[in-house]
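Each remark here refers to the structure printed beneath this line.
The values are calculated or read from the model by the stated rules, or taken from the named source; none is laboratory data. None of these values were measured; they are calculated from a predicted model. Please note: Cβ atoms are built from the backbone with ideal geometry, for glycine as well, and neighbour counts cover all protein chains shown.
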Amino acid sequence: MGEVSKIVRGASPRPIKDPKWFEKDSHVGWIRISDVTEQNGRIRHLTQHLSKAGEAKTRVFEQPHLLLSIAASVGFPAINYVPIGVHDGFLIFLNSKFNINYMFYWLEKFRPLWRKYGQPGSQVNLNSDIVSNTRLALPKEAEQSKVSNFLNKVELLITLQQRKLEQLKQLKKAMLQQLFVDKNNKQPNLRFKNFNGDWEQRKLGEVIELEDNKRKPVKASKRIPGNIPYYGANGVQDYVKGYTHTGEHVLVAEDGANSIFNYPVYFICSPSWINNHSHVLTGKRSIISNKFLTYDLKTVPYAKYLVGSGRYKLNAETLKIIPIKLPLLTEQNYIGSTLSKIDTLITLQQNKLTQLTTLKKYLLQKMFI
């Protein structure tokens, strides 16, 4: 690689006066590994700036250039398109004799291998000699261009699918906020046509049956493999033979939730094995729809109902006194069905994104030597 590019390390911070270095009031950003990962290696904007004290001074590069992270998170490539400061956690490829986009993808393919080339220690660290001496095979410039243009199109599709997925998630979030009644109101902010009237407030324990007594935890080593989902606090943990529950249920984490603010609540409608870290709720059919119940419970501020520290717990008796507001069953079914369709779209969109990401990974393995 050293034969086709001059590879140098970003500079360490130092307080010298030179046009190539930041001044104390500079508004030019410096790159961080988080910028690389958040922008998928294409740096088109920066939000990190120097403070008034002028610390972290480093060299500024204004033309598009290729970078490679060499410390902490090793092996992330980046193409930078904005004026930027490069500190000593990155290598800079200068005066390159290759298509910069082609080399970006080659480095991305090679990323999993960089760690074994690094200098051992508490953190793997690459130096410029290791990278300069790494061998690679380059096709002619015209082929480099075609390969990189093709991969750019795949990458663009991935970006578009990510945006669609995020839009669907934001739509669902907005619907959850608008379709359900908060504690200060009797009707929601958003309502479907032909539905009216105040929602009735009840306690959760009045409208559900709790089926925790059927739960059964099984250690991983003693589970018999099968096709039945094995649920814990945060969803499916495994697939096993046999089941503890059948039919429609709503699962709410009892303890071990991975998030207090996005508390685990799941709708299930098939044979399932449920361990003792998730409450099992079944709505009373004449009063509440299980799908409606699922989405309504996603809007609950669980933090104020939890006990303990570190590993929080939602006790069954506390769960039963959580207030819930209900419209008529016909409106419940309409709300549950609508949000379920959005969830289906989110799942389909996530599958598309996964397929494209897998395709890109396959192409990186097959299109480079």
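Residue check, E62 against (1) modelled with pLDDT of 70 or more; (2) out of contact with any helix residue (DSSP H, G or I) (no Cβ under 9 Å at 6 or more places or on another chain); (3) within 25 Å of Y102 (Cβ to Cβ), all met but one. Which one?
Just one mismatch for E62, condition (1).
Within region 105-120, how many residues turn out to be surrounded by fewer than 22 Cβ atoms within 10 Å (Cβ to Cβ) and in contact with a strand residue (DSSP E or B) (Cβ under 6 Å, 6 or more places away or on another chain)? Reasoning before the result, please.
Here is the first cut: in region 105-120, the ones surrounded by fewer than 22 Cβ atoms within 10 Å (Cβ to Cβ) are 108-120.
The next check asks that each one be in contact with a strand residue (DSSP E or B) (Cβ under 6 Å, 6 or more places away or on another chain); those that pass are 108, 118-119.
Counting residues in region 105-120 that are surrounded by fewer than 22 Cβ atoms within 10 Å (Cβ to Cβ) and in contact with a strand residue (DSSP E or B) (Cβ under 6 Å, 6 or more places away or on another chain) gives 3.
When you go through (1) more than 17 Å from E248 (Cα to Cα); (2) touching a strand residue (DSSP E or B) at 6+ places or on another chain (Cβ under 6 Å) one by one for I268, which number turns out not to apply?
That leaves (1) as the condition not met.
It is to be established whether one or more residues within region 39-48 are surrounded by fewer than 22 Cβ atoms within 10 Å (Cβ to Cβ), farther than 22 Å from T159 by Cβ and either charged (D, E, K, R) or at pLDDT 90 or above (or both).
no
With (1) assigned by TED's automatic domain parsing to the domain that holds V36; (2) touching a residue at least 24 places away in the same chain (Cβ under 8 Å); (3) out of contact with any Leu (no Cβ under 6 Å at 6 or more places or on another chain) as the list, and S145 as the residue in question, which single condition is left unmet?
(1)
Against the conditions (1) outside the structural domain of L251 (by TED's automatic domain parsing); (2) not in a helix (DSSP H, G or I), where does K352 fall short? Just the number, please.
With (1) outside the structural domain of L251 (by TED's automatic domain parsing); (2) not in a helix (DSSP H, G or I) applied to K352, the lone miss is (2).
Of the residues that sit in region 191-226 and are exposed (fewer than 11 other Cβ atoms within 10 Å of the Cβ) and aliphatic (A, V, I, L, M), which one is farthest from the chain's Cα centre (by Cα)?
By that ranking, first place goes to I224.
Does E155 count as of a type outside the set (A, V, I, L, M, F, W, C), in a helix (DSSP H, G or I) and modelled with pLDDT under 95?
Here the answer is yes, as E155 does meet what is asked.
For region 285-320, what are the residues that are surrounded by 15 or more Cβ atoms within 10 Å (Cβ to Cβ), farther than 15 Å from P264 by Cα and not hydroxyl-bearing (S, T, Y)?
Of everything in region 285-320, those that are surrounded by 15 or more Cβ atoms within 10 Å (Cβ to Cβ), farther than 15 Å from P264 by Cα and not hydroxyl-bearing (S, T, Y) turn out to be I287, I288, N290, F292, K320.
Name every residue in region 200-225 that is in a loop (DSSP other than H, G, I, E, B) and within 26 Å of I287 (Cα to Cα), in order of residue number. Please lay out each step first, then the result.
Applying the first criterion (in a loop (DSSP other than H, G, I, E, B)) to region 200-225 yields 211, 215-219, 223-224.
Selection gives E211, R215.
Could you tell me whether region 226-235 includes any residue that is in contact with a Lys or Arg (Cβ under 8 Å, 6 or more places away or on another chain), part of a loop (DSSP other than H, G, I, E, B) and either of a type in the set (V, I, T) or under 19 Å from T299 (Cβ atoms) (or both)?
no
Cβ-Cβ under 6 Å, sequence separation 6+ or interchain: first residue in region 77-104 and touching a residue at least 60 places away in the same chain (Cβ under 8 Å) and outside any strand (DSSP E or B), partner surrounded by 15 or more Cβ atoms within 10 Å (Cβ to Cβ) and charged (D, E, K, R). Which pairs?
Matching pairs, first to second residue: D88/R9.
When region 1-20 is examined, which residues are found to be in a loop (DSSP other than H, G, I, E, B) and modelled with pLDDT under 85?
G10, S12, P13, R14, P15, I16, K17, D18, P19, K20
Is it true that G242 is surrounded by 13 or more Cβ atoms within 10 Å (Cβ to Cβ), part of a helix (DSSP H, G or I), in the same structural domain as Y302 (by TED's automatic domain parsing) and not polar (S, T, N, Q)? Lay out the reasoning, then the answer.
On the way: surrounded by 13 or more Cβ atoms within 10 Å (Cβ to Cβ): yes; part of a helix (DSSP H, G or I): no; in the same structural domain as Y302 (by TED's automatic domain parsing): yes; not polar (S, T, N, Q): yes.
Answer is no for this residue.
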